[in-house]
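One structure below.
Quick note: the coordinates plus some simple rules give every number you see, no bench work behind them. Source: prediction; values computed, not measured. Here Cβ is always computed from backbone atoms with ideal geometry, including for glycine, and neighbour counts include all displayed protein chains.
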Ligand code: IPE
Ligand code: IPE
Ligand code: MG
């Protein structure tokens, strides 16, 4: 495939873990465990295919509505995965966490800040992990920072541009989002990267995330490469 036909940045909405477990008569958290394994493999597949950056939706600002035992299960899974994430750093991978981590347990916050800091000079690949992430929350946060600067007379309201908002988003140091892949059959964004998705391509797939394979990824990329992106032009 031609270089420009490969998306630089793919967003993955890792959905369908619960249904995957239910189909097998297993508790929902089994689906989350399996989903976390697929997350790890997908990073390698992306690298093999020439993608530069992948962002994974792991926990939304709305997912707190789930039963406590499920939320705790996901947080414990995250604690276990932090080790694997550290391993990735050895492969020249930069990790960027998207979302308000101050709402997470202190030990997790500490680990995540440390991982982001210790991988910030890695330039082989970028992995974004969206945790307690919401697109509306992300934009609100940027608005609040700019409003504070205006109130302090550091900037004038008319200086606020799309660029100044973009610089305050969690994706500021990532390549533009080219493609969003959502498995599980749902066709919505569920508050994922809503600003960044303005001109992204979407590929919705029926496969449940724990069954997502390299073939599925290749299919989504070939779909993407056949699209005609006009960005408002002709
Ligand atoms: C996605 O799978 C994982 C998270 C939201 C944490 P779900 O848990 O939403 O799986 P379904 O949609 O219920 O099948
Ligand atoms: C989106 O999936 C969030 C993540 C994958 C982390 P959800 O399962 O929470 O989305 P809805 O509720 O179906 O929109
Ligand atoms: Mg779901």
Extension gain (nm, one decimal) between residue 150 and residue 167, 0.36 nm per residue minus Cα-Cα: 4.5 nm
Most fluctuating residue given options 104, 193, 179, as computed from a GNM of the chain linking Cα atoms under 10 Å: 104
Prolate/oblate/rounded label for the stretch 1-42 (Cα gyration tensor, a/c 1.5): prolate
Candidates 83, 149, 34, ranked by Gaussian network fluctuation over the chain, Cα under 10 Å, top entry: 149
Whether the stretch 183-234 is rounded, prolate or oblate, judged on the alpha carbon gyration tensor where a/c under 1.5 counts as rounded: oblate
Fluctuation leader among 67, 175, 27 - the chain, Gaussian network, Cα springs under 10 angstrom: 67
Segment residue 68-residue 206, extension gain: residue separation times 0.36 nm, minus the distance between their alpha carbons: 46.9 nm
Kirkwood Rh (inverse of mean 1/r, distinct Cα pairs), the chain, angstrom: 18.6 Å
Gain on full stretching of the segment that runs from residue 41 to residue 24 - 0.36 nm per residue minus C-alpha separation: 3.9 nm
Compactness of the stretch 29-91 - radius of gyration and Dmax, Cα, Å: 13.2, 39
Convex hull per residue volume in Å³, alpha carbons only, for the stretch 168-207: 73 Å³
Residue 158-residue 227 FRET efficiency (beta carbon distance; Förster radius 45 Å; 0.05 resolution): 0.80
